[in-house]
Amino acid sequence: MYQRAKGVSDKKPFGTELNVYAEGYTWLTHSMAPRPVAEHPVETFRISVGGAACRKPYSASIYNISAMSFGSLSASAIRALNKGAKQGDFAHNTGEGGVSRYHQEFGGDLIWQIGTGYFGCRTGDGDFDADRFAAQASLEQIRLIEIKISQGAKPGHGGILPAAKITPEIAEARGVPRGADCVSPAYHRAFGTPIELLEFTARLRELSGGKPVGFKLCVGRPDEFFAVCKAMVDTGLAPDFITVDGAEGGTGAAPIEFSDHIGLPAREGILFVHNALVGVNVRESIRIIAAGKLISGFDIAVALALGADLCNTARGFMFALGCIQAQTCHTNQCPVGVATQRRSLQRALVVSDKAQRVRNFHRKTVAALAEVVAAAGLDDPGRLEASHIFQRTSPAEIKSFDQLYTFYEPGQLLDGRAGDRLQRFWDIADASRFGPK
Ligand SMILES: Cc1cc2nc3c(=O)[nH]c(=O)nc-3n(C[C@H](O)[C@H](O)[C@H](O)COP(=O)(O)O)c2cc1C
């Protein structure tokens, strides 16, 4: 990642250092007839996001910057990310901390994330404010709107930005007063059931003038996601995209129990969401965006083979910004100026240099994906399938992903066939509530 970001050679001599006989070793099956490598993959590997209800679909890059707020990241980091996104023509997710002045300086495409704190669109007491939302969403630079339900590193957990860390700029971006802790509850107040989530999605789309609206989650209880699918069938409402974060995802700060032991990992999460949407016949109009340690062309290929349409990375772009994994994001002491609000430390991050690295990392990783796709004998990454990826399951056994994992037939859930392991979750799923009866 560093080499790609710096634009120096990313080639490796001598051969793999991985143990190809270890359980879990994963590889792609290449073709005896590889295709020419796509010449301009940044321009051509693009996916339109926005279903029929959407008046402003967005042509997204296959690889984008995952949600990281101004607050967890420094102003310099946000500026460098957005400048890189502008130069490289890809999208920059604001994270739940709102759209700051630093997001707007260079005009890179934004995905505005709305978390439980409704930062940038909240009333004085922390509820959703439709007028403020409409005013902010009209910003041309905002291309997509993402409702954050959960993230993989701490699903089901809220957050607090302590009063001491709330600078005037953070207060401005979030629309919160200084001098008091800024709380993001674990739950949303704007909706409380699967049907209400879809109604809220539709409302945001209307209020934004028809921009694509989706939601982000790390998959938890299968019956709850199935309940959202049942709600789609019952109401005819649907999000334009669903972002699936894996349990292996990153964060600025989380309890170790949550990072280590809560949430479905990315591969299973992507597959589950893909299957559920196929199973209720809504897959065609909803894009799946995947995240969770997807930092190489191969990682992206695996996610696409499991059902993702696009991929994001947060920490990949942090490395491009110069993150050295000091793991002090939560202390305000980041020594390289990426995850701190201290001005003296932020001076370590030179925006023009790091914007170039952000752009390079994106371009080189997408180019690496293009090489992987061509080796598989394909022209289009969207044609990667589960049969292209193999995994070692024991010393003497290997399986392709289509043998290892179950893929649903279209409409399978509507016929009431969720399969042995998931049937009871499908049966109890209820569009009018999250959680058990
Ligand atoms: C510093 C930091 C801040 C983050 N802030 C948010 C956030 O505001 N909202 C969110 O949905 N996810 C947030 N995430 C999670 C990422 O968006 C992403 O889903 C996750 O890190 C997986 O991608 P990665 O493995 O490529 O980092 C954050 C991650 C990091 C590292």
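The values are calculated or read from the model by the stated rules, or taken from the named source; none is laboratory data. Since the structure is predicted, the reported quantities are computational estimates derived from the model, not experimental observations. Methodologically, a virtual Cβ is constructed for each residue, glycine included, from the backbone with ideal geometry; neighbour enumeration extends over all protein chains shown. Note: accessible area is taken over every heavy atom of the protein model, side chains too, but ligands, DNA and RNA are not part of it. Shrake-Rupley method; radii C 1.70, N 1.55, O 1.52, S 1.80 Å.
Can V351 be described as β-branched (V, I, T), within 13 Å of the ligand (Cβ to nearest atom) and in contact with a helix residue (DSSP H, G or I) (Cβ under 6 Å, 6 or more places away or on another chain)? Don't jump to the end; show me each part of the working.
Details: β-branched (V, I, T): yes; within 13 Å of the ligand (Cβ to nearest atom): no; in contact with a helix residue (DSSP H, G or I) (Cβ under 6 Å, 6 or more places away or on another chain): yes.
Against the criterion (β-branched (V, I, T), within 13 Å of the ligand (Cβ to nearest atom) and in contact with a helix residue (DSSP H, G or I) (Cβ under 6 Å, 6 or more places away or on another chain)), V351 does not qualify.
Taking the criterion of being in a strand (DSSP E or B), touching a Ser or Thr at 6+ places or on another chain (Cβ under 8 Å) and either open to solvent by less than 70 Å² (accessible area, probe 1.4 Å) or over 30 Å from A38 (Cα atoms) (or both), would at least one residue in region 402-422 satisfy it? Among the residues of region 402-422, not one is in a strand (DSSP E or B), touching a Ser or Thr at 6+ places or on another chain (Cβ under 8 Å) and either open to solvent by less than 70 Å² (accessible area, probe 1.4 Å) or over 30 Å from A38 (Cα atoms) (or both), which makes the answer no.
Where helices (runs of 4 or more DSSP H) fall wholly inside region 177-284, the ranges with 3 or more residues that are open to solvent by 40 Å² or more (accessible area, probe 1.4 Å) are 194-207, 222-235, 256-261. Of the residues examined, G98 is one that is touching a helix residue (DSSP H, G or I) at 6+ places or on another chain (Cβ under 8 Å), within 16 Å of the ligand (Cβ to nearest atom), at positive phi and not charged (D, E, K, R).
Scanning region 32-90 for residues that are under 26 Å from A153 (Cα atoms), among the small types (G, A, S), at pLDDT 95 or above and open to solvent by 20 Å² or more (accessible area, probe 1.4 Å) returns a single hit, A67.
Of all the residues in region 59-113, those that are out of contact with any Gly (no Cβ under 6 Å at 6 or more places or on another chain) and either in a strand (DSSP E or B) or among the β-branched types (V, I, T) (or both) number 14. Candidates Y21, Y2: the one that is open to solvent by 70 Å² or more (accessible area, probe 1.4 Å) and within 16 Å of the ligand (Cβ to nearest atom) is Y2. Under 7 Å between Cβ atoms, at least 6 apart or on separate chains: pull out the pairs that start in region 152-180 with a residue that is within 15 Å of G252 (Cα to Cα) and end on any residue that is within 12 Å of the ligand (Cβ to nearest atom) and of a type in the set (A, V, I, L, M). Between residues of region 152-180 that are within 15 Å of G252 (Cα to Cα) and residues that are within 12 Å of the ligand (Cβ to nearest atom) and of a type in the set (A, V, I, L, M), the close pairs are G152/A247; A153/A254; K154/A254; H157/A254. Screening L321, L294, L310 for residues that are among the hydrophobic types (A, V, I, L, M, F, W, C), touching a Cys at 6+ places or on another chain (Cβ under 8 Å) and modelled with pLDDT of 95 or more leaves exactly one candidate, L294. Here V49 clears all of (1) farther than 19 Å from V302 by Cβ; (2) out of contact with any Phe, Trp or Tyr (no Cβ under 6 Å at 6 or more places or on another chain) except the condition numbered (2). Just checking, does region 119-140 include any residue being within 30 Å of F45 (Cβ to Cβ) and in contact with a Leu (Cβ under 8 Å, 6 or more places away or on another chain)? Yes: region 119-140 contains one or more residues that are within 30 Å of F45 (Cβ to Cβ) and in contact with a Leu (Cβ under 8 Å, 6 or more places away or on another chain).
Listed by first and then second residue, the pairs with beta-carbon distance under 7 Å, at least 6 apart or on different chains, first residue in region 243-260 and closer than 15 Å to A186 by Cβ, second more than 7 Å from the ligand (Cβ to nearest atom) and among the small types (G, A, S), are T251/S259.
Per-residue answers, yes or no, for (1) among the hydrophobic types (A, V, I, L, M, F, W, C); (2) free of Cβ contacts under 8 Å to residues at least 60 places away in the same chain; (3) at negative phi:
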{"position": "K12", "(1), (2), (3)": "no, yes, yes"}
{"position": "T26", "(1), (2), (3)": "no, no, yes"}
{"position": "P41", "(1), (2), (3)": "no, no, yes"}
{"position": "I47", "(1), (2), (3)": "yes, no, yes"}
{"position": "A52", "(1), (2), (3)": "yes, no, yes"}
{"position": "Y58", "(1), (2), (3)": "no, no, yes"}
{"position": "R79", "(1), (2), (3)": "no, no, yes"}
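The C-beta contact set for region 304-321 (first residue under 21 Å from M68 (Cα atoms), second residue near the ligand (Cβ under 8 Å from one of its atoms) and not in a loop (DSSP other than H, G, I, E, B), distance under 6 angstrom, 6+ apart or interchain) comprises N312/A291. Within region 424-437, the set of residues being within 26 Å of E385 (Cβ to Cβ) and exposed (fewer than 12 other Cβ atoms within 10 Å of the Cβ) is empty. Here region 101-116 is the region considered, the condition is being surrounded by fewer than 24 Cβ atoms within 10 Å (Cβ to Cβ) and within 14 Å of the ligand (Cβ to nearest atom), and the residue that is farthest from G322 (Cα to Cα) is T116. Scanning region 293-319 for residues that are open to solvent by less than 10 Å² (accessible area, probe 1.4 Å), near the ligand (Cβ under 9 Å from one of its atoms) and part of a helix (DSSP H, G or I) returns G316, F317. If the condition is being away from the ligand (no atom under 16 Å from the Cβ), open to solvent by less than 10 Å² (accessible area, probe 1.4 Å) and assigned to a helix (DSSP H, G or I), then region 118-170 contributes F133, A137.
The listed residues are R342, R359, R315, and the only one of them that is more than 22 Å from the chain's Cα centre (by Cα) and among the basic types (K, R) turns out to be R342.
Candidates in region 320-339 are the residues that are more than 10 Å from the ligand (Cβ to nearest atom) and outside any loop (DSSP other than H, G, I, E, B); of these, the one that is farthest from P162 (Cα to Cα) is A320. Taking each residue of region 346-373 that is basic (K, R) and looking for partners that are assigned to a loop (DSSP other than H, G, I, E, B) and surrounded by fewer than 24 Cβ atoms within 10 Å (Cβ to Cβ) with beta-carbon atoms closer than 7 Å, six or more apart or interchain, yields K354/G322; K364/D10.
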